[in-house]
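Heads up: the structure comes next, in structure tokens.
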Amino acid sequence: MELKEEELRLVAIRRRATQLAVALVTEPFSADTYAQLRSYVERDADEAQFLVREVLALPPARLRERIAELTRVNRAKTVQGEVSA
């Protein structure tokens with residue numbers, strides 16, 4: 001199962017947000033953390049809000065179905081050793 005373009009963008013934004021969160025805890029005053037924060041706010045935050053609203057606007061049954069599909073694919077890849085940390 002392929003991820004849709006919007007899902008891929010949302011996953012990438014979430015990954016950057018997680019990296020930023022770690023940086024804010026471990027190096028809150030570094031210039032690199034500041035640059036990551038500005039980049040997230042300027043580039044990712046608005047798009048993330050838009051994409052999340054699109055996902056949440058799906059009918060509940062379709063949303064549950066899509067989550068189940070993605071979970072099955074992820075489990076299958078994990079069992080096969082294809083998912084990297």
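Numerical summary
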item	result
Modelled FRET efficiency - R0 30 Å, Glu42 with Glu7, Cβ distances, 0.05 increments	0.85
Per-pair calculated FRET efficiency, R0 = 25 Å: Ala61 and Ala21 via Cβ, rounded to 0.05	0.20
Residue-span extension gain [Ala68 to Arg14] - 0.36 nm each, minus C-alpha spacing	17.5 nm
Qualifying trypsin sites (Lys or Arg not before Pro) for region 1-67 [loop in DSSP, other Cβ within 10 Å: at most 14]	Lys4
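All of the numbers you see were taken from the coordinates with simple rules; none came from a lab. As the structure is a computational prediction, the values presented were derived from the model and not from experiment. Glycine also receives a Cβ, built like all others from the backbone with ideal geometry; neighbour counts cover every protein chain displayed.
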